[in-house]
Each structure stands twice: as C-alpha cells, then as structure tokens.
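What follows is a single structure, written as structure tokens, with notes after it.
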Amino acid sequence: MIYKYYQQHIFPHILNQVMQVPSLMESRAELLKSIQGDVLEIGFGTGLNIPFYQAVDTLYALEPNADVFQLARERIFKAPFLVQHLQASAEKLPFADNSVDHVVSTWTMCSIANLDKALAEIRRVLKPTGTLHLVEHVEYHNNDTLKKLQNLLTPIQKIIADGCHLNRNIELLMLNAGFKFTQKSYYDAEGIPHIGRRMFFARAQKIAQEH
Ligand SMILES: C[S@@+](CC[C@H](N)C(=O)[O-])C[C@H]1O[C@@H](n2cnc3c(N)ncnc32)[C@H](O)[C@@H]1O
C-alpha cells in the first residue's frame with residue numbers, strides 16, 4: 001500500500017525533477033531540433049521534450065502510466081503543435097506497418113519490460129525511410145567495476161524507479177533487433193550519479209528484411 005502510494009504520488013514528481021538535469025535538457029535539444037513532420041514518442045513521461053521540437057506537425061505521445069502523464073498536461077496545453085496521447089505500451093504500438101517517419105525515445109528503453117518486443121514493434125511501424133532517434137542511459141562497456149555495480153543495483157533501481165534497468169546494452173539490443181545506425185556516440189552526462197551517467201545518443205533505421 002505504501003509502495004502503491006509512492007508509485008502514484010511521489011515517483012512521478014521525482015521523475016519530473018530528475019529528468020530536467022541541465023545536461024539531459026541539452027541532449028534533448030540536440031536530438032530533437034532537426035525532426036520534422038509527425039513523431040511517435042514512446043514513454044512520453046511528463047512531456048519534457050515538447051519545447052525542443054521545432055518543426056513537428058503531430059506528436060503522438062505514447063505513455064502507459066496515467067500518473068506520470070498527468071504532469072505533462074500543462075506542457076501539452078502550451079505546445080504549438082497537436083499532441084495526441086496514446087495510453088499504450090511500446091510492446092504493442094497502435095500503428096500500421098511501415099507508417100511512421102520518426103520514433104523518439106529519450107531515457108525510455110531502460111524502463112520497457114520487454115525491450116526486444118518493443119524494438120520489434122518500432123521496427124514494424126517505422127517506414128523503410130523512417131528514423132528512430134534516441135538518447136538512453138546504458139551499461140558501461142569499458143569499466144568492469146561500474147558494470148558490476150550496475151548489475152548489482154538494477155534489482156533495487158527497478159523497484160524505486162518504476163522498472164528502470166541500469167545495465168542495458170541498447171546498441172547491441174538494437175543491432176540484434178535489425179537496426180543500422182546512421183549516427184551514434186557515447187558520452188558521460190554531467191550532474192548524474194556515475195551508476196547511470198553513461199549515455200548512448202543515436203539515430204537508426206531498420207535494415208530491410210530479406211525475402
Ligand atoms: C525515465 S522515464 C523517461 C520519460 C521521458 N521519455 C523523458 O525523457 O523524460 C521512462 C518512461 O517510460 C515509460 N514506460 C515504461 N514502460 C513503458 C512501456 N512498456 N512502453 C512505453 N513507455 C513505457 C514510463 O512510464 C516513463 O514515462
């Protein structure tokens with residue numbers, strides 16, 4: 001009961017604050033400024049990306065957690081483009097095959113329970129020319145101590161941060177899911193504890209399926 005109260009009334013506010021660390025806001029600006037047209041954002045959260053879209057027509061804001069989405073309402077109200085909320089999960093996207101130009105994921109892939117399924121869904125709905133734009137915190141490749149710590153702390157992190165995994169190798173999972181990268185880089189974000197500081201910034205397209 002206390003945990004339910006925490007999840008509904010406390011965690012959404014913590015999320016809203018933590019996700020506004022200046023270094024994260026800078027990454028949002030860099031990732032989103034060039035995107036034009038209709039966008040599907042998975043794990044829309046509290047709507048922190050809205051001010052950084054410069055040429056968007058309709059933003060499909062997919063967010064399964066109603067308590068989190070509640071905190072996005074004011075930002076949506078002020079948005080200079082249409083924002084349509086979809087209360088759904090990334091594992092089952094309410095879009096037709098090959099229909100979406102842009103999918104955006106900012107620090108969402110850590111929290112998706114079945115990421116393989118979600119990546120297959122993103123691959124299904126993206127047009128052959130479409131792009132998945134992402135920035136995510138990921139597993140350390142080159143620091144065994146921090147990598148071990150990430151593995152150790154992930155079960156606790158999942159409880160306090162709504163299913164968030166500290167130890168995902170997003171690049172590898174995307175390669176296995178049939179994506180190719182048009183841009184990718186790793187960096188350490190300022191103002192974030194070491195355990196979640198390693199970031200993966202990338203754009204990717206789906207590899208055409210062979211028949
Ligand atoms: C760390 S928050 C990031 C929120 C937002 N993208 C941002 O940049 O501030 C992770 C988000 O993913 C959402 N999420 C969790 N599981 C999901 C799923 N299966 N499908 C889509 N979103 C999910 C959570 O509700 C939460 O809003």
Could you identify the single residue in 208, 202, 161, 189 that is out of contact with any helix residue (DSSP H, G or I) (no Cβ under 9 Å at 6 or more places or on another chain) and touching a residue at least 24 places away in the same chain (Cβ under 8 Å)? 208
State yes or no: is residue 40 in a strand (DSSP E or B), at pLDDT 95 or above and either of a type in the set (Gly, Ala, Ser) or open to solvent by less than 20 Å² (accessible area, probe 1.4 Å) (or both)? yes
Of all residues in region 15-34 being part of a helix (DSSP H, G or I) and open to solvent by 30 Å² or more (accessible area, probe 1.4 Å), the one that is nearest to the ligand (Cβ to nearest atom): 15
Just to check your reading of the model, which residue among 37, 45 is within 22 Å of residue 202 (Cβ to Cβ), within 9 Å of the ligand (Cβ to nearest atom) and not charged (D, E, K, R)? 45
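The values are calculated or read from the model by the stated rules, or taken from the named source; none is laboratory data. Computed from a predicted structure; not experimentally measured. Using ideal geometry, Cβ is built from the backbone for each residue, glycine included, and neighbour counts are taken over all protein chains shown. Keep in mind that these areas ignore ligands, DNA and RNA; they rest on the heavy atoms of the full protein, side chains included. Shrake-Rupley method; radii C 1.70, N 1.55, O 1.52, S 1.80 Å.
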